[in-house]
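The values are calculated or read from the model by the stated rules, or taken from the named source; none is laboratory data. Not measured: the values here are computed from a predicted model. Every residue, glycine among them, receives a Cβ derived from its backbone with ideal geometry; neighbour counts consider all protein chains shown.
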């Protein structure tokens, strides 16, 4: 059984529609797939329907953007009820923040001499939730960068003209939305935030205190050393372990659906939680 509990469709910054995403997951041997788009659940129903067709259990998920001590940290919700009022209201607020940020990013790019509007970036995009990746793809398409990485390095990363720090919900809010919607809260790709050991310890203690139950131990970009490091953290804190490719598109530097190091035997997988399939059973 292969579980991929972190991936994206074109309803956030992925390129595949939900049906194509589930089809490709099935081709890669994935049996259970969580669709975890950024701050939206728009694609879940379509993904579940595709799961019936292709023999894949689809877990309703979301990746919520939070601000913790001036850092953006992403929290995965697994098995959420997509019609929960508090969750829907919360992500509606995050959509407004994304729109505001996109407008500021446009202004930053215009100051560099690039003729651009938010409507230009949104043209042909399946979601109102514009991300930095959408801007990067537009910049590549228009010849301002040779590839996505260059677009980030030149315009979109911290310190560059179009970088705008997100103003997201608080960590405890995201966890509360997920839990109230019947889901399990998991820290996404914990190696990416640049936290020192002491900061990470502080963050994880808060995360657990607010009701978080696990961390993503293995991702599509994880090294074996990182997997072992976060497996040790799992056992130290009593967390469950999740895994997921964080797949966005086929050209994503070797990341593929179902492609990540195996979880070490010493951790307890998140799919062993009794509530894991409450809202995701098909």
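Tell me the residue from 257, 277 that is part of a loop (DSSP other than H, G, I, E, B), in contact with a strand residue (DSSP E or B) (Cβ under 8 Å, 6 or more places away or on another chain) and not assigned by TED's automatic domain parsing to the domain that holds residue 81, please. Selected residue: 277, the only one of 257, 277 that is part of a loop (DSSP other than H, G, I, E, B), in contact with a strand residue (DSSP E or B) (Cβ under 8 Å, 6 or more places away or on another chain) and not assigned by TED's automatic domain parsing to the domain that holds residue 81. Considering the conditions (1) within 18 Å of the chain's Cα centre (by Cα); (2) farther than 17 Å from residue 270 by Cα; (3) assigned to a helix (DSSP H, G or I), residue 179 is excluded by exactly one of them, (2).
Residue pairs whose Cβ atoms lie under 6 Å apart, sitting 6 or more positions apart in sequence or on different chains, and linking a residue in the stretch 265-282 that is closer than 15 Å to residue 31 by Cα to a partner that is at pLDDT below 95 and surrounded by 14 or more Cβ atoms within 10 Å (Cβ to Cβ), do not occur here. Restricted to the stretch 199-225, and to residues there that are touching a strand residue (DSSP E or B) at 6+ places or on another chain (Cβ under 8 Å) and assigned to a helix (DSSP H, G or I), the residue that is surrounded by the most Cβ atoms within 10 Å (Cβ to Cβ) is 207. Within the stretch 10-29, not a single residue is part of a strand (DSSP E or B), within 24 Å of residue 124 (Cβ to Cβ) and in contact with a strand residue (DSSP E or B) (Cβ under 6 Å, 6 or more places away or on another chain). When residue 137 is tested against (1) within 23 Å of the chain's Cα centre (by Cα); (2) within 26 Å of residue 68 (Cβ to Cβ), just one condition goes unmet, and that condition is (2). The residues listed here are 146, 157; of these, the one that is touching a helix residue (DSSP H, G or I) at 6+ places or on another chain (Cβ under 9 Å), closer than 25 Å to residue 251 by Cβ and loosely packed, with under 13 Cβ neighbours inside 10 Å is 146.
Being assigned to a helix (DSSP H, G or I), in contact (Cβ under 8 Å) with a residue 60 or more places away in the chain and within 24 Å of residue 75 (Cα to Cα) is the requirement here; does residue 165 meet it?
Details: assigned to a helix (DSSP H, G or I): no; in contact (Cβ under 8 Å) with a residue 60 or more places away in the chain: yes; within 24 Å of residue 75 (Cα to Cα): yes.
Taking the combined requirement at face value, the residue does not satisfy it.
Before we move on, is residue 162 buried (at least 16 other Cβ atoms within 10 Å of the Cβ), outside the structural domain of residue 232 (by TED's automatic domain parsing), over 18 Å from the mean Cα position of the chain (by Cα) and within 14 Å of residue 102 (Cα to Cα)? In short, yes. Among 45, 19, 28, which is over 15 Å from residue 245 (Cα atoms), at pLDDT 95 or above and surrounded by fewer than 17 Cβ atoms within 10 Å (Cβ to Cβ)? Result: 45 is the single residue among 45, 19, 28 that is over 15 Å from residue 245 (Cα atoms), at pLDDT 95 or above and surrounded by fewer than 17 Cβ atoms within 10 Å (Cβ to Cβ).
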